[in-house]
Amino acid sequence: MMATGVPYVAHELPSFIDRDGRRDTVYWNFVYDPLRDGDGPITGVTVVAAEITDQVLTRQQVQQLNNALQASNTELHASNQRLLRTNADLDTFIYTASHDLRNPISNIEGLLTALRQDLAAGAADISELLDLMQESVDRFKRTIRDLTDVARLQKAHAPFATSINLTRVVDEVCQDLAPQFAAAAGTLTVEVSACPTLHFAEKNLRSIVYNLLSNGLKYRHPDRAPHLALRCYATKTAHVLTVQDNGLGLDVAQQGKVFGLFQRQHDHVEGSGVGLYMVKKIMENASGTIEVESELGVGSTFMVYFPQEAAA
């Protein structure tokens, strides 16, 4: 600089300072300017130094955090890819298993039918055994159907929604469940005047109503006839469909697991443990939720929250 007269600037030069018995690294910005005697030769140098340790350390910390964030994002992406592959493998397994099992089950069912026709009319004990075999085949078929529905629902988005008359859907479901209501001597109270229509996929709305009402009948208390109450009301953010029963009820631990896949909280009742899981997935796909309040031995109330735009 003494020869050229060009100022020199140094950024973030480290140095060491002993303070309080320890050696600290500090950082400086230096500016060296030539000092002239008028227009004459350079006679000296002016030096301006500014300590920028805090700025440098802050920038280094931010860089470390960015590096850690980048590493986390990379790992998250890898985990998502592994999860996608796992889900794809699971879907493939379910569909393959369902397809491969249908034919042998159909063959068994055909053989049972043929065997019934060949049996003597008086072979009551054998006929009873065949009935048990047929029930097992029917359960197997229901399980395959449930697995297929779950796999389809796992990767489905909310289907096309239309304005649905809620009363009509409830009436149609009640007609489907009429034999179960009659067999259990069950009753149903319906009050949906607060939200007569919902903007939702009709098939999914029917599935929700069907599963909740059939569960209320299925898990009825042995000491009393089932009484169900279906209601709908509006809040500021949602329309809420509730189904209340006076059945077996759930304890706190059971309530936490009731929406899990293949979760059956009362083993003496026939079922696959898929229905409430599917209701939960339907609502999640539609940006809604479902909750339960229950008391063991008293009954349960299921609350389905449809987003406000689901109201028509």
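Values computed for the structure shown
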| quantity | calculated |
| --- | --- |
| Peptides 289-298, 71-80 ordered by average Cβ neighbours within 10 Å, highest first | 289-298, 71-80 |
| Rg and Dmax [Cα atoms of region 16-82; Å; Rg one decimal, Dmax integer] | 22.5, 73 |
| Separation between Cα centres of region 214-232 and region 16-33, rounded to whole Å | 78 Å |
| Calculated over region 8-51: convex hull of Cα atoms, volume per residue (Å³) | 75 Å³ |
| Cβ-based exposure ranking for Val279, Val137, in which fewest neighbours within 10 Å come first | Val137, Val279 |
| Sites matching trypsin sites (Lys or Arg not before Pro) across region 1-49 that sit in DSSP coil, with at most 12 neighbouring C-beta atoms within 10 Å | none |
| Hydrodynamic radius of region 162-310 per Kirkwood, over alpha carbon pairs, in Å | 15.4 Å |
| Contact order normalised by residue count of region 8-51, Cα under 8 Å, 6+ apart, percent | 33 percent |
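Read-outs: derived from the displayed coordinates by stated rules, not from any lab. Keep in mind that what you see is a predicted model, and the values were worked out from it rather than measured. Ideal geometry is used to build each Cβ from the backbone, glycine not excepted, and the neighbour counts take in all protein chains shown.
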